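A.B. asks: Starting off with a structure, shown below.
What follows is calculated from the coordinates using simple rules that are stated; it is not laboratory data. What you see is a predicted model, and the numbers here were worked out from it, not measured in a lab. So basically every Cβ, Gly included, is an ideal-geometry build from the backbone, and we count neighbours across all protein chains shown.
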Amino acid sequence: MSENKKPEVKHEKQVPNNVIQLGPTKCLAESCSKKPVKASFCDEHFEWFKAGLITKEGAKAADFEKKHYHFMRSKKVA
């Protein structure tokens, strides 16, 4: 009897040159280069996002100064 043997095919791992990154590589906040942790923000700017200091695009809110003042006062008390 003859056995059917498949020829061995060796596939070399090829890295395609048209690969794009799936997510952001740095925090979305203006002038921040830290690695994102949650919702494309670093830890500090994620807190700002939750408090409404910055938008989901990373820009400062229209009333940033007022919100930042109250945010910092609440951080002191806590």
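A.B. asks: Determine ³J(HN,Hα), in whole Hz, for all residues of region 72-77 in sequence, where each value follows from phi through the Karplus function 6.51 cos²θ - 1.76 cosθ + 1.60 and θ = phi - 60°; x replaces Gly and Pro.
C.D. replies: 5, 5, 5, 5, 5, 5
A.B. asks: Next question, about the same structure. Tell me, what is the FRET efficiency for residue 55 and residue 18 to the nearest 0.05, using R0 = 35 angstrom and their Cβ-Cβ distance as r?
C.D. replies: My answer for the efficiency is 0.65.
A.B. asks: Would you mind checking which residues have amide H under 5 Å from residue 54's amide H? H placed 1.01 Å from N; only 5 or more apart, or other chain.
C.D. replies: Amide H to amide H, under 5 Å and 5 or more residues apart or across chains, residue 54 pairs with 49, 61.
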